[in-house]
Each structure stands twice: as C-alpha cells, then as structure tokens.
1. When LYS565, LYS395 are ordered from fewest to most other Cβ atoms inside 10 Å of their Cβ, what list results?
2. With +1 on the Cβ of every Lys and Arg and -1 on the Cβ of every Asp and Glu, and nothing else charged, how large is the dipole of the stretch 479-553 about its Cα centre, in debye rounded to the nearest 20?
3. Positive end of the charge dipole of the chain (Lys, Arg +1 and Asp, Glu -1 on Cβ, about the Cα centre): tell me which of PHE67, VAL134, TYR350 has its Cα farthest that way.
4. Express in whole angstrom the spacing between the alpha-carbon centres of the stretch 150-172 and the stretch 444-497.
5. Would you be so kind as to identify which of HIS465, VAL46, SER181 lies farthest towards the positive end of the dipole of the chain, taking Lys and Arg as +1 and Asp and Glu as -1 on Cβ and the Cα centre as origin?
6. Please identify the DSSP H helices in the chain that span no less than 30 Å along the helix axis (Cα) and have a mean Kyte-Doolittle hydropathy of 1.0 or more.
7. On the principal axes of its Cα set, how long, how wide and how thick is the stretch 291-425? Give whole Å, largest value first.
8. For the stretch 82-134 and the stretch 201-254, write down the distance between their C-alpha centroids in whole Å.
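Read the figures in this text as sums done on the coordinates, not as results from a lab. No experiment lies behind these values; they were computed from the predicted model shown. So basically every Cβ, Gly included, is an ideal-geometry build from the backbone, and we count neighbours across all protein chains shown.
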Amino acid sequence: MPAPFARHLTALPWVLGLWLALLGVAQAAPLTIDGRQGVLPVWPAVSVSFEEAGTERRVDEVLRQSFEPPPSAHATLGVRPEAVWLRVPLSVSPEAAGAWVLDIDHPPLRSVDLYLLREGQVQQRWQLGNRLAVSDRPLRTRGHAAIVPLVAGDSQELLVRVQTTGALILPITLNRAAAFSEREQSEQMLQGLLLGLGLCLIIYSLAQWAATRETLFLKYTLMTFGSLMFSVYFFGVGAQYLWPGSQWLEVRAGGLAALLATTGSFLFIAEALSGPDTSRRFVRAMQAGAWFTACVAALYALGVVDTRVISGLVSVLGLVPALMGMRGAVRRARQGDPIGFTFLLAWTVYFVATAIVILVINGRLPVNFWTQHSFQFGATLDMLLFMRVLGLRLKAQHSAALNMARERDTLRSLAYTDPLTGLSNRRGIDATLSASLPHCRGDQLMAVYLIDLDGFKPINDQHGHEMGDQLLIAVARRLRECMRASDVVGRLGGDEFVVLASGLRNELQALTIGEHLLASFQAPFDLPGLHCHVGLTIGYALAPLDGVEGSNLLRAADAAMYAGKQAGKGRLVRAQATGPVRLDPANA
C-alpha cells in the first residue's frame, strides 16, 4: 500500500470522529434566550443520556458521556425504569439575563435533580420531585420548579436528572416570573373548577342515596371519588393541599385512586346494565372483578405489591369494566334504550382519552395543554354521562313503579268495583264501612241506605238485558248526582244499591237525605229507544245508634227495605222503627 494512502487511512477515524462531534453539536444547538418571550419551551434544545439500571453517575461522569437527541420531539420519553439525564446548553442575551423559573409541569415525577453549570462547573443545584414535601421544594407549586439565575453568554447549561416509576413526560419551560405566576393561577382555577364539579356530583349522589337508599348511587360515588382523587394526585393538588409531607400518600395515592375507580366501575356498570335479560354470569364476573381490584388495592396499601406492578395492572384493569359491559350496552342501544347509548358515548370518550395518553407517552403526540388534560376532561365528561345513566335508571324504575301501581289499582278496582256501573261492589262497601265506622259517634252519624228499584223487573223482562243494563247505569249516575262527593254509592247486585252518607249531625239530616233520594226518582228516565219510570224503596240504619258493625247495619237496613216493600213500595223505612216513614207525595 502506498505510504500517502496509508497515512490517509490512518487519519480516517479522526476525521469520522470530528464529523460525528460536529454533527452532535449541530443536533444540540443551544437554547437562545433573548428576553422577548415570557415562556420558552426547553425541549427543542434537549439532548439525553440514560443511566444503566442500578447505577447513579456523578455530574462529572455524566459530562464525559455522550448525549443524543431525544427519541421523541414531544417532551416525552415513555416509561423507563432507569434515570435519564437531560442536557440543555443556553445562549443568553444581555437583555434576558436575570432570574428565570424552570418548570417541569408533570407532578408525578418522583426524583428531579437540577444543576446549573458555567464553564463545565456546577454553580447551583436544586432538588425537586414528589419525593420531597411541597414545603421542602424550592417553590411550593404543583409541579417541579426552581428560580434559575442566568447570566449573559454561551458558557452555561442546565443538567437535569429525572427518575420516576411512571411515564417520563417532561414538559420543561423557562418562564419569566410574571408569566409563570399567570400560568399557575390559570391551572389552579381550572383544577378548582373541575374538582369542584366532581365534588358536587359526589355530594349529590350521596344525598340521593340517603333519600332513596338506591345502592347504585353509592357505586357511582365510589367510582367518581376514585377518579377525582386520581386527578388530585396527577395534577399535584393533593401534595400541595391535601397531604403535604405525607410520602405514603404521595407514593400510593395515584395507584389507590385508580384501583378505587376501577372497583366502582365494575360495580356501577354491573348494576346499571342489569335487567331481566341480563346473564347472571355477567353480574358474577363483574362482582369478581370488583373483589379482585379491591384486594389488589389492599395489598398495595400494605406495601405487598410494587408501584410498577400497579402501574401496569391499572393500565389493563381500567379498560376491563367497559369491555365487559360493551355487549350489554350495545344490546340495550339496539333496543332503543338511552342507557345503552349513554354508556357507549361515555366509553368512546374514555377510549379516546386513553388513546391520547398512550400516544403522548410514546411520543406520538406533543405534550400541550389539551393532551396533558385530555384524560381529566374525559373523566369529567364520563362522570356527567354516568350521572345521566343514574337519572335514566331512576326514571325507568319510577316508570316501572307507576306501572305496578296502576296494575295494583286496576286489580283493586276490579276487586272493589262493580264492572257494569263503576260503583263500589259488596267488597268495596264492606271496606268503606270497616274504615268509617270506628269514627262514628253521637254527633258524627253514618247513614246506611239499602235501595231496591221499584218496577225494574218488568222493564228488564220486556226490553231485554241490554236495556236493563242501560237503565242500571242511568240509575247509578242519578244516585251519584243526588249525593255529596264524600258519600259512597254502591251496587250489591241485581237492582239493589247501597248509599253510605257519613258525617251527619243528627237523625233528621239522615231522614232528609233519604227523602231527597226518593224525590229524585220521581222524574222518568230517557234512554235510547225507551222512556220509563222506576221508583225506590229504601231501608236505612244509623251508626252508631243502630249498630257499630257493617254486617249488622246492612242486615238492619235490608230488613227495613223489605218492610217498605211489603207496605207498598216507594217508601223510606228506618231500621227498628215502629213503622215505616212514608213520604208524602205532595212534599216530593
């Protein structure tokens, strides 16, 4: 091989190394800060280096390692057990020098170490992450933030080490103090609005359960409370306000909340979709799923199950209740049941929100306001749709109860009503007497009138039973018109009727009512194809003067009526009286 060619070949690795180094510098262009922006995304200038599992490198060791462009351009690195180092070279103009707030707006990050370097030397270090209580963090915010003093020039850079048990979602920004404060206030208002809505739904469902004892409200409460607490954990509100300093809750609150919501989902969906055509196997399977999830939650609370196991388990179990209930919801939707349509809409929202989260974790979608909050917005909409399911379910139960009441009333009407005239039958009369007689006394009498029609049989025989029935209906109508609204008119059978008049002050008032009945039948009946006249013979008894038992009073009134028949019909006779009371035709 010629000597010049050999020398060139020997230099080739150095040329390739220089070319790769230049390429690396091009890929890690510094983040230019000129002071014109209030919020500056950091991710475009980030390069990354991953630690080996079980090792922890020092800053000087990390600086000697190679950094590469992140596999995703959307501020997310997926789920990784090892720690990741982020390197951000900075180019700061004189106008931009001063205090900037570095913010990583993803509260579930476990451990975050932030370094400010100048000329390759560490100038300042901050410890962040939810392993620290909010009071121990540089800034007491939901996320992970620190005030970073920047100077003009190109000789400084940020170095961030992040390790967590969940997704490495890293929406890092540099913010002017005013812009950061405005963003935090807006997020706090949004969280207050959404969490307040969820709390109102929980209080309402508990109040409905207390009023109706409907267990579906309790299951809705369990599901909604779990979903609400997961949002409280995921967006840092819990560590900031509800359990500041509690590491046990900060580590386990998210997993426990997700398991609680899944348990409630199993129970709620099973009962909401249950019906006469629901398979018992489906109900038992949903109940078994709820028990399994509850047992896993208990083991996790006791520390038996690891957080990483729970993360993987929840990502699978969260979909199971919807997938198991899908068949029943589709069947109901095909039957035109709005509960089925509502479930399908809610699950569509849930699947879309879940898909967005998965795409964000895998770097397929950018991390922004809408993708960060997609699952919370979806969960809130699901809570409202499931509340509609509760309303539809209660409406269906109310309609079923009304139908049962109508059927009961219809059966009662058939049992206590004469089918021809619509008056009370013997059973209805007995029931009224049993209810009214205990209230009778000397100044509150009840008159029991037993009435037999005079001249009905010849009309019925001559003109047929249909005409006879029409005449009985007309008689019933006239009797009702003669009496007060509080009085009861009944038909014992054939052409025998009963009138019960209660609340009478004295015997004379009972006599007056009887005479009025006799007089009202002086007028003829005009039926289709027949003009006829029927009269009345009435026997009556007074409670409690003539007895306090319904059967005895009816028997006494019947005896008085027969006495009136034998005396010549068209008469009003008082039971156990010395003689019939005869109506003077002139007074009629």
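1. Taking fewest neighbouring Cβ atoms as first place, the list is LYS395, LYS565.
2. Here the size comes out at about 160 debye.
3. The residue sitting most towards the positive pole is PHE67.
4. 98
5. About the Cα centre, the residue reaching furthest to the positive side is VAL46.
6. Helices meeting the span and hydropathy rule in the chain are 3-27, 338-361.
7. 80, 36, 24
8. 33
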